[in-house]
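What follows is a short report on a single structure.
Just so it is clear, none of the values below were taken in a lab; they were calculated from the coordinates. Computed from a predicted structure; not experimentally measured. So basically every Cβ, Gly included, is an ideal-geometry build from the backbone, and we count neighbours across all protein chains shown.
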Amino acid sequence: MKRLKLNLRVVFLAVLVFLTTNLCAQESSPRQLQEMDSVEIGLLTCSPGKEIYSLFGHTAIRVHDAATGQDVAVNYGLFNYHTPYFIPRFVFGLCDYEMGIYPFDLFMEEYTEEGRGVVEQRIRLTRQEKLDIINALALNARPENKVYRYNFFYDNCSSRARDMIIDHIHGHVGYRVNASVTSSYRAMVHQWDEQHPWDSFGCDLLLGVKADRQTTLRQQQFLPDSLRASFASAKVFREHQSPADLVDSTWTVLEAQTPATGSSIFDIFTPRVVISILTLVVVLASVREYRRKKIYWGIDLALLLADGLAGFVLFLMIFSKHPTVSLNLQILLLNPLSLIAFYSVVRKSRRSQYSIWWTVFTVCILLFFVGNLLQDYASGMNILALCLLDRCIVNYCVHAKGKYASSLNTNKKII
């Protein structure tokens, strides 16, 4: 999705093009319909970028009038990254995007600089359909209409571009559906972020049970490339006409540049690797604790504090406007109650006493393991569960061992 750039040249030309287009669109005379013969409307599909907001590609609409020379890109992915609290607003589904119209060459400049590819599919439209789309775009570009509440899965740049085109076709659009091929939102996201392990980990951490449900073809079109593929095989069924391909022709406007190869430290130390190292260290410490019959309460303090803070974030997701994050079974492991329990746990540990929280936490972790049947967890989360379960077990065992040793000493004194 593209970042909003406050460029005066873009703003000026966008307003100029908008006013000219709107003036023409208000007239629906036979002459204006005839002038639509020189207008071509296409769907632009852009390849992924390096930033997290561009990992999944981008979709836009191109309107080109060969007779007047007007050539604009209609973009539903404009946002201001510097808006106060942008990240929290995005996570909670409170982020506003807007639609913008600006010259096509400026649209291409940014993708050329970023080395990203652009494919155009020219849509097969009648004169009236072209005019209807231009009218709708002009109406949508008005200040009171151009801003919309963005939702990554349900209302984004791809779905907006699709609806603008499909909703103004005078007929039915049929897609080729392969019933044997199904996918979930999470699986589709993985197709594009699997080469970015930490970004993928963050997404999987926030996505809940609903992200693992099977999706329909229409739902899958939230991804730009999925929409492109759907359009490529779609047919238009107009009254009293033979079925026709939705896409008249397809060509590559800009070839994607091959990204420079190389790995960073984050590619080596993936979430799974980091969690595995942490688990190994904790298990070794637990073995030492058991042998010495002494709990290192600092370990529990650090783990429970981190666990509780992460759990608090997942708790806040319950109130998010994104439907796919509200029910997340990972909250059983990353438990916000750890923030309440850690003080009591540490205090009792320093007094060589057992905290009931370890029993409660053990039950939560076991339920977390059962949750694997309903939800795909973030990479390494099951390993982290073993790490925390180890702390539950070692606290119980050290306490039980100490209690047993104490009872033996008491019996010896009595004898």
Give, in nm to one decimal, the length gained when the segment between GLN257 and GLN214 is fully stretched (0.36 nm per residue of separation minus the Cα-Cα distance). 12.1 nm
Roughly how compact is region 8-254, stated as its Cα Rg over 2.2 N^0.38 Å to two decimals? 1.03
Value of Rg/Rh across the chain [Cα atoms, Kirkwood radius]: 1.14
Honestly region 256-336 on the Cα gyration tensor test (a ≥ b ≥ c root eigenvalues; a/c under 1.5 rounded, otherwise a/b vs b/c for prolate or oblate) is just oblate
GNM flexibility winner over the chain from ILE123, ILE265, ILE340 (Cα, springs under 10 Å): ILE265
To the nearest 500 deg cm²/dmol, what mean residue ellipticity at 222 nm is calculated for the chain from DSSP H runs of n ≥ 4 alone, each contributing -39,500 (n - 2.57), summed and divided by the residues? -15500 deg cm²/dmol
Just want to confirm a number: the relative contact order over the chain, from Cα pairs under 8 angstrom separated by 6+ residues, in percent. 16
Cβ under 11 Å from ARG186's Cβ, ARG186 left aside: what net charge do those residues give with Lys, Arg +1 and Asp, Glu -1? -2
Separation of the GLN128 and ASP105 label points, Cα + 7 Å toward Cβ, nm: 3.7
Out of residues 5 or more away from VAL253 or on other chains, whose amide H comes under 5 Å of its own, with H placed 1.01 Å from N in the peptide plane? VAL118, VAL119, GLU120
Distance in nm between ALA136 and ASP71 label points, each 7 Å along Cα→Cβ, equals 2.5
Charge sum, other residues only, whose C-beta stays under 14 Å from SER200's C-beta, Lys/Arg counted +1 and Asp/Glu -1: -4
